[in-house]
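See below for the structure under consideration.
The values are calculated or read from the model by the stated rules, or taken from the named source; none is laboratory data. In this text the structure is predicted, and so the values were computed from the model without any measurement. Quick reminder, even Gly has a Cβ in these numbers, built from the backbone with ideal geometry, and neighbours come from all protein chains shown.
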Amino acid sequence: MVKTFITYGTLIILIALVFYLYNRMLGSIPLLICSFVLYYLAYIEAKKDRIKRKKESND
C-alpha cells in the first residue's frame, strides 16, 4: 500500500513538473526522468513475473 502511494505520488509530481517546465521550454528534462521511472517499474514487474514462472516450473 505504501509503495503504491509513493509510486503514484512520484508520478503525479513528475506530471506537474512536466507542465511547469514545459511552459519554460525545458519539458524534455522531466519527460526523460519520467521515462526512466516507468522503465524501472516495468523492469520490476517483468522480474516479478519471471521469478513467479521460475517457481511454478520448479514445483
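Scanning for something of a type in the set (Asp, Glu) and outside any helix (DSSP H, G or I), does the stretch 23-46 turn up at least one residue? No, that holds for no residue. Within the stretch 21-51, the set of residues being farther than 16 Å from residue 7 by Cα and either in contact with a Gly (Cβ under 9 Å, 6 or more places away or on another chain) or polar (S, T, N, Q) (or both) comprises 21, 23, 28.
Per the listing 41, 11, 17, the residue uniquely touching a Ser or Thr at 6+ places or on another chain (Cβ under 9 Å) and surrounded by 10 or more Cβ atoms within 10 Å (Cβ to Cβ) is 41. Scan the stretch 14-40 residue by residue and report those that are small (Gly, Ala, Ser) and at pLDDT below 85. The answer is 27, 28.
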